[in-house]
Amino acid sequence: MKPTVYITRKIPDEIVNKIAEECTVRMWGEQDIAVPKSVLEQEIEEADGLFCLLTETIDKTMIEKAKKLKIISNMAVGYNNIDVNAAKAKNILVTNTPDVLTETTADLTFSLLMATARRVVEASAYLRKGKWKTWSPMQLTGQDIYGATIGIIGMGRIGEALARRAKGFNMNIIYFNRNRKQKLEEEIEMQYQDLNSLLRNSDFICIMTPYSSETRGLISEKELSLMKKSAILINTARGGIVDEDALYYALRKGELWAAGLDVFMNEPISVDHPLLTLPNVVATPHIGSASIQTRLKMADLAAENLLLALKGRIPKYVI
Ligand code: GLV
Ligand code: GLV
């Protein structure tokens, strides 16, 4: 008998078809909203494989409902939405989709850096509101990128891809990571610093670390107070790494120059979120990996991970 797979959202047909060649597919496909918890609790009971997104919380209680589940395939590089230990205790594999999204996510991170530094979104709104009366020496002036110091927190795959972009822009690069990457330091000409030094010395601070109990609230009031008044904070990792209240007050009081944010503590945020009231915040709705090519690759890789595991093989990207 074919294994049963539950897919938690409508994904591209070609990927569904690929899975359907080997499995009985069930899918939450009615609307483009997250599957209700109660539906997922029912579906997971009989599923052999689960294809899910970062919008699904697969906690211990959810995992305990599963009677024959072998694989949880997350279509994301981050997997903080899954209780990996609870899965492991039941011999359920958990997989993610790194590598294929590295360059795309670094691109978005650099886009936010540039948009924030040069006030692109604010300037566009200014023009559209009819405020553009003349060219003026200090009108809508921002911060230079060329020659500035970028501090990268987390030197994994995406951090490295960001560093390569920064090098192309002739930035000084410093980084903080759990372990030093000496070979890469030499190759890219970047410098390792402890977190506090990085925060003090950087013009741009980019968060490129996974979300875990170690990084929750990593950037809070104290860390923000160490940053230069002219500094710009970019977060394309996970919202919970930054204390949003502390960030809001730092930006409002002018203790920090601007922030570019693709991720938030509770997603989706509503239009009346305090951070959205600030002109010096550039915000995007968690689109780090959202290029057509990369999202297709992620879906395909998640399908491949799932199918391999269902055949009793070990996929490349097991957590
Ligand atoms: C997106 O945030 C991902 O983790 O892939
Ligand atoms: C600006 O457009 C300039 O020519 O300096």
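Every number here is computed from the coordinates shown, using simple stated rules; none is lab data. For clarity, every value in this text was computed on a predicted model and none was experimentally measured. Glycine also receives a Cβ, built like all others from the backbone with ideal geometry; neighbour counts cover every protein chain displayed.
For a straight C-alpha distance cut-off of 17 angstrom, the aspartates and glutamates reachable from K229 (same-chain residues fewer than eight places away being disregarded) are D144, D203, E221, E255. Our coupling estimate for segment 72-80, obtained by passing each phi through the Karplus curve with A = 6.51, B = -1.76, C = 1.60 and θ = phi - 60°, is 10, 9, 8, 8, 5, 7, x, 9, 5 Hz, Gly and Pro reported as x. Approximating the spin labels as points 7 Å out from Cα along Cα→Cβ, the L195-to-W135 distance works out to 4.6 nm. The ranking of M208, M114, M171, M1 by Cβ neighbour count inside 10 Å, starting from the fewest, reads M1, M114, M171, M208.
Coupling constants for segment 18-33 follow from the phi torsions by the Karplus curve (6.51 cos²θ - 1.76 cosθ + 1.60, θ = phi - 60°), and in residue order they are 4, 6, 5, 4, 10, 9, 7, 9, 10, 8, 7, x, 5, 9, 8, 10 Hz; glycine and proline get x.
From the alpha carbon centroid of segment 279-319 to that of segment 1-74 is 15 Å.
Modelled spin-label separation between A125 and R164, with each label point placed 7 Å from Cα along the Cα-to-Cβ direction: 3.5 nm.
Using the C-alpha gyration tensor of segment 167-238, what are the square roots of 5 times its eigenvalues, in whole angstrom, with the largest one first?
Values: eigenvalues 81, 50, 25 Å².
Equivalent ellipsoid semi-axes, largest first: 20, 16, 11 Å.
Peptides 288-301, 124-137 ranked from most to least packed give 288-301, 124-137, packing being the mean of other C-beta atoms within 10 angstrom over each peptide's residues.
Taking segment 94-135 as the region of interest, what is the percent of Cα-Cα pairs per 10 angstrom bin, listed from the shortest bin to the one with the maximum distance? Cα pair-distance distribution for segment 94-135, in percent: 24, 31, 23, 15, 7, 2.
Applied to segment 85-97, the Karplus parametrisation 6.51 cos²θ - 1.76 cosθ + 1.60 on θ = phi - 60° returns per-residue 3J(HN,Hα) values of 5, 5, 5, 4, 4, 9, 6, 9, 6, 10, 10, 10, 10 Hz, with x for Gly and Pro.
A straight Cα-to-Cα reach below 18 Å connects K68 with the aspartates and glutamates E22, E41, E43, E45, E46, D48, D59, D83, residues fewer than 8 places away in its own chain not being considered. Taking only the C-alpha atoms of segment 212-319, the Rg (one decimal) and the largest Cα-Cα distance, Dmax (whole number), read 17.9, 57 Å. Strictly over 23 Å apart at the Cα level, which of K181/K228; K10/K297; K37/K70 would you flag in this model? From K181/K228; K10/K297; K37/K70, over 23 Å: K181/K228.
Pull out the extension gain between I287 and R252, defined as 0.36 nm times the separation in residues minus the alpha carbon to alpha carbon distance; nm, one decimal.
Values: separation 35, 0.36 × 35 = 12.60 nm, distance 2.53 nm.
Contour length minus Cα-Cα distance gives 10.1 nm.
In this structure, the amide hydrogen of Q191, modeled 1.01 Å from its nitrogen in the peptide plane, lies closer than 5 angstrom to those of I173, I174, Y175, counting only residues at least 5 positions away or on a different chain.
Determine the relative contact order of the chain: mean sequence separation of Cα pairs under 8 Å and six or more apart, normalised by residue count, in whole percent.
Details: 597 pairs, mean separation 58.0, N = 319.
It comes to 18 percent, rounded to a whole number.
Name the residue farthest towards the positive end of the dipole of the chain from the options W28, T116, Y211, assuming +1 on Cβ of Lys and Arg, -1 on Cβ of Asp and Glu, about the Cα centre. Positive-most Cα among the choices belongs to T116.
Distance distribution note for segment 57-101: the fraction of Cα pairs above 11 angstrom is 64%.
For the chain, the longest principal axis of the C-alpha atoms and the axis of helix 37-46 are separated by about 40°. Taking the C-alpha atoms only, the angle from helix 292-310 to the longest principal axis of the chain is near 30 degrees. Which aspartates and glutamates, on any chain, are close to K183 with Cα under 15 Å apart, when same-chain ones fewer than 8 places away are left out? List returned: E160. Amide H to amide H under 5 Å from A283: which residues, 5+ apart in sequence or cross-chain, H placed 1.01 Å off N in plane? Residues meeting the criterion, in which the H sits 1.01 Å from N, are L261.
The overall shape of segment 69-193, judged from the alpha-carbon gyration tensor, is oblate: a/c is not under 1.5, and a/b is no greater than b/c. The angle separating the long axis of helix 102-117 from the principal Cα axis of greatest extent in the chain is about 30 degrees. Spread over its residues, the convex hull of the C-alpha atoms of the chain is 151 Å³ per residue.
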